[in-house]
Amino acid sequence: MNGKKIVRIMNAAALFFASETIICASNQSVERPTLARSNSPWNLLAYGGKGEMHGAPICHPLNYFSVSPLSLDFDADFVGEKPDDLATQTKVTILGTMSGREVYKVMQMVHRKNGSRPDDPVTNSQPTMKILLVQRRSGEFCDIYENQYAYDPRDETDEAVILNINGREVLKTYETDKHTWFLVYWAMDEHGPVRLTTDALYAAVQSTSPAGALPYSGPFNLTGSHFTAEVSKIGSEYDGSPLGRVDLKLAVEGDKIIVVGKTWIPFSDKPR
């Protein structure tokens, strides 16, 4: 993740896009995203080295998102570059449908044709744009999420999947370098994507754990309607001594992932 220090994605600091148009040397204009001025469900959520950013809807035909990275350069990694300076490898994957809307994941790996700039650090990773697209209407897709980072497949994990949580379809994106993570969930209603909060899950693990338990601080990387959080003893941060686990049964309500059942299961002191 190349230096990102966001641990709980919902608490990241917010930055906002300003409207800007850059004229490239090839006379091709690239319009920067504009400030999100409303609570449209189609607003963009983007992350990069500068933090969390919110932009107005960016909706185009599908092939728009696999051409030039300059119009999607929300983190300003390629300021001053011309389209001919960059080569991209783009992989477009359909994740499925939610409420009849097609959902795609786009991975765009960007290479500078002449190598790194003099001020770039030497690295084995390449600038990568991960984009999630949701169909708004026939032939039009909106960029609802982007993470722009230097991706090294040897050290990092990337996921994008549609889950079923107690009968509701939920879109998940998850990126981690095993130390920090980006984790966001969306449901879908008649108006479009609905970003979901997971605060209730942290509260449920804390309230179900016994006295002496270390507060759970890991990611809620969900795979379905159930989640298990392993809880350790206070003072065991470095030896990893487990105390027990909290099993949660989940559902979706409005803009929240909620807990509809919870169980504390202590680990036996006997060898297993």
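The values are calculated or read from the model by the stated rules, or taken from the named source; none is laboratory data. Predicted model only: the values in this text are computed from it and were never measured. Counting neighbours? That spans all protein chains shown, and the Cβs are built from the backbone with ideal geometry, glycine included.
Can you tell me which residues in segment 203-247 are in a helix (DSSP H, G or I) and either surrounded by fewer than 14 Cβ atoms within 10 Å (Cβ to Cβ) or in the same structural domain as Leu132 (by TED's automatic domain parsing) (or both)?
Matches in segment 203-247: Ala203, Ser207.
What's the total number of residues in segment 141-169 that are buried (at least 22 other Cβ atoms within 10 Å of the Cβ) and either within 13 Å of the chain's Cα centre (by Cα) or not assigned by TED's automatic domain parsing to the domain that holds Lys50 (or both)?
Going through segment 141-169 one residue at a time, the tally reaches 7.
Check whether at least one residue in segment 177-195 is small (Gly, Ala, Ser) and over 23 Å from Ser232 (Cβ atoms), and report yes or no. Talk me through it step by step, then tell me what you get.
Going through segment 177-195, the residues small (Gly, Ala, Ser) turn out to be 187, 192.
Still in the list and also over 23 Å from Ser232 (Cβ atoms): 187, 192.
Yes: one or more hits.
Answer yes or no as to whether Val231 is of a type in the set (A, V, I, L, M) and at pLDDT below 95. Can you show your working first?
Numbers: of a type in the set (A, V, I, L, M): yes; at pLDDT below 95: yes.
For Val231, the condition - of a type in the set (A, V, I, L, M) and at pLDDT below 95 - is met.
Working carefully through the options Ala56, Ala18, find the one that is over 22 Å from Pro127 (Cα atoms), in contact with a Leu (Cβ under 8 Å, 6 or more places away or on another chain) and at pLDDT below 85.
The unique qualifying residue is Ala18.
Identify all residues within segment 133-152 that are in a loop (DSSP other than H, G, I, E, B) and either in contact (Cβ under 8 Å) with a residue 40 or more places away in the chain or within 28 Å of His60 (Cβ to Cβ) (or both); write none if there are none.
Taking segment 133-152 as the starting set, the residues that turn out to be in a loop (DSSP other than H, G, I, E, B) are 138-139, 152.
Those that are in a loop (DSSP other than H, G, I, E, B) and either in contact (Cβ under 8 Å) with a residue 40 or more places away in the chain or within 28 Å of His60 (Cβ to Cβ) (or both): Ser138, Gly139.
Taking Val103, is it modelled with pLDDT of 95 or more, surrounded by 13 or more Cβ atoms within 10 Å (Cβ to Cβ) and in the same structural domain as Met53 (by TED's automatic domain parsing)?
Taking the combined requirement at face value, the residue satisfies it.
With respect to the numbered conditions (1) part of a strand (DSSP E or B); (2) surrounded by fewer than 16 Cβ atoms within 10 Å (Cβ to Cβ), which one is the sole condition not fulfilled by Met109?
(2)
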